[in-house]
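Presented below is the structure to which this report refers.
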Amino acid sequence: MKSNKAVGKIKMFLVHLSKKLGLSTPKFPKLVARTKEEKIKSTSSFSSFAFKLLGGKTTRVLPLFDDLDSILQHSGLKVNFKAYVSLTVIGACLTAIGALALIPILALIMFNVPVLAAFLFGVGGSLFAFAFATIGFYVYPIYRADKLKRELEDELPFTTGYMAVLTSAGVSPEKIFYSLSNLSVPLVVSGEAKDIMRDVNLFGRDIISALEEESKRTPSEKLKEMMEGLISTIHSGGNLAAYLREKSKQYMRLKRISLKKFSDTLSILAEFYVTMLITGPLLLVIMLAVMAMLPGGSMPGIQNPSLILNLLTYIGIPLGSIMFLIILDAVSPKW
């Protein structure tokens with residue numbers, strides 16, 4: 001809205017200036033508000049470009065990614081299956097080309113490797129880079145689906161409690177999910193509620209059909225179970241408020257147990273971090289520094305203590321810290 005007002009003011013200024021100078025009134029293209037679908041297309045422009053570039057050429061490799069279609073639906077990524085496979089192929093090829101160009105240069109400059117050996121290292125490194133990039137593209141939707149599942153299940157005790165309060169006040173299921181989709185505090189469950197309201201308002205489904213469709217898409221088994229119980233309660237005409245209150249108490253008990261387990265896991269991770277990323281690198285740095293100062297300690301090639309120290313300082317420790325942060329993010333509850 002602010003950008004549209006700013007553009008309008010600029011237009012008025014240019015029109016006023018053209019009148020003062022005696023010029024013809026400039027014409028401006030009409031601005032059209034972007035819809036939600038257009039915003040989604042703009043965010044997935046890379047996958048769209050990859051699909052346009054490859055198109056039907058990925059048909060032969062599609063059977064290798066059969067289970068990726070359902071994983072993409074569970075991950076919440078607004079990307080078509082064939083477009084994502086095309087993006088995977090292009091990304092892996094670009095990574096392999098970059099490794100083929102970079103590894104021989106590093107081998108020649110840093111390690112004084114012969115040209116032929118450097119080229120062979122580059123070919124082998126490019127094959128490994130292609131494999132790792134493909135695995136990375138394949139694993140990313142699994143990671144996203146698992147993260148979405150954990151966030152949904154972290155919010156589930158509070159979500160069911162909120163729904164129980166609204167149901168006790170006589171609010172219909174459609175308005176409950178509408179309220180969840182428009183929360184002032186951004187929650188992950190709001191995205192699930194928006195998908196349900198989209199099915200109801202845009203596709204003309206009833207609330208039961210929308211809940212059934214969403215239960216197939218969600219990665220959380222607990223949320224799926226809650227939705228199926230909600231459908232059964234609505235069908236049978238049971239007490240919806242009592243069902244949601246009982247579910248909220250059940251999920252809260254499970255959350256207390258999971259938090260206790262997380263505290264034990266966190267103490268183990270803290271010991272691992274101190275051992276592997278503080279004490280271990282510190283001992284190695286002291287040992288390598290002493291070796292570099294000793295007579296005859298500067299050995300050529302990769303056995304040079306100064307080179308090993310630089311690799312440990314600028315590559316080993318940062319990569320280890322990043323891996324630790326990823327592991328910590330994977331096991332940490334949101335609430």
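The values are calculated or read from the model by the stated rules, or taken from the named source; none is laboratory data. Here the structure is a predicted model, which means the values were calculated and not measured. Every residue, glycine as well, gets a Cβ built from its backbone with ideal geometry; the counts of neighbours run over all protein chains shown.
Could you list all residues from the stretch 145-166 that are within 20 Å of ASP206 (Cβ to Cβ) and surrounded by fewer than 21 Cβ atoms within 10 Å (Cβ to Cβ)? Show your work before the answer.
Of all residues in the stretch 145-166, those within 20 Å of ASP206 (Cβ to Cβ) come to 163, 166.
Result: LEU166, single match.
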Residue match in the stretch 239-254 (condition: surrounded by 11 or more Cβ atoms within 10 Å (Cβ to Cβ), over 20 Å from VAL165 (Cα atoms) and modelled with pLDDT of 85 or more): yes
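Out of everything in the stretch 187-224 that is among the acidic types (Asp, Glu) and within 12 Å of LEU152 (Cβ to Cβ), what residue ends up being surrounded by the most Cβ atoms within 10 Å (Cβ to Cβ)?
Initially, the stretch 187-224 is screened for residues among the acidic types (Asp, Glu), giving 192, 195, 199, 206, 212-214, 221.
Subset that is within 12 Å of LEU152 (Cβ to Cβ): 192, 214, 221.
Numbers: GLU192: 25, GLU214: 19, GLU221: 11.
Checked the stretch 187-224; the qualifying residue surrounded by the most Cβ atoms within 10 Å (Cβ to Cβ) is GLU192.
Is it the case that the stretch 98-120 has a residue that's under 20 Å from PHE46 (Cα atoms) and part of a helix (DSSP H, G or I)?
Scanning the stretch 98-120 turns up at least one residue that is under 20 Å from PHE46 (Cα atoms) and part of a helix (DSSP H, G or I).
Polar (S, T, N, Q) and surrounded by fewer than 12 Cβ atoms within 10 Å (Cβ to Cβ), is that true of SER236?
Numbers: polar (S, T, N, Q): yes; surrounded by fewer than 12 Cβ atoms within 10 Å (Cβ to Cβ): yes.
Yes: the conditions hold for SER236.
Considering only residues that are of a type in the set (Gly, Ala, Ser) and part of a helix (DSSP H, G or I), look in the stretch 39-73 and name the one that is modelled with the highest pLDDT. Steps first, answer last, please.
First, pick out the residues of the stretch 39-73 that are of a type in the set (Gly, Ala, Ser): 42, 44-45, 47-48, 50, 55-56, 70.
In the following step, the residues that additionally are part of a helix (DSSP H, G or I) were identified as 42, 45, 47-48, 50, 55-56, 70.
Values: SER42: 41, SER45: 71, SER47: 74, SER48: 74, ALA50: 76, GLY55: 66, GLY56: 67, SER70: 85.
This residue is SER70.
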Please indicate, with yes or no, whether at least one residue in the stretch 107-128 is out of contact with any strand residue (DSSP E or B) (no Cβ under 8 Å at 6 or more places or on another chain), among the small types (Gly, Ala, Ser) and touching a residue at least 60 places away in the same chain (Cβ under 8 Å). no
Can you pull out every residue in the stretch 50-95 that is free of Cβ contacts under 8 Å to residues at least 60 places away in the same chain, touching a helix residue (DSSP H, G or I) at 6+ places or on another chain (Cβ under 7 Å) and small (Gly, Ala, Ser)? ALA50, ALA83, SER86, GLY91, ALA92
Quick one: would you say LYS260 is modelled with pLDDT of 90 or more, more than 26 Å from the chain's Cα centre (by Cα) and not hydroxyl-bearing (Ser, Thr, Tyr)? no
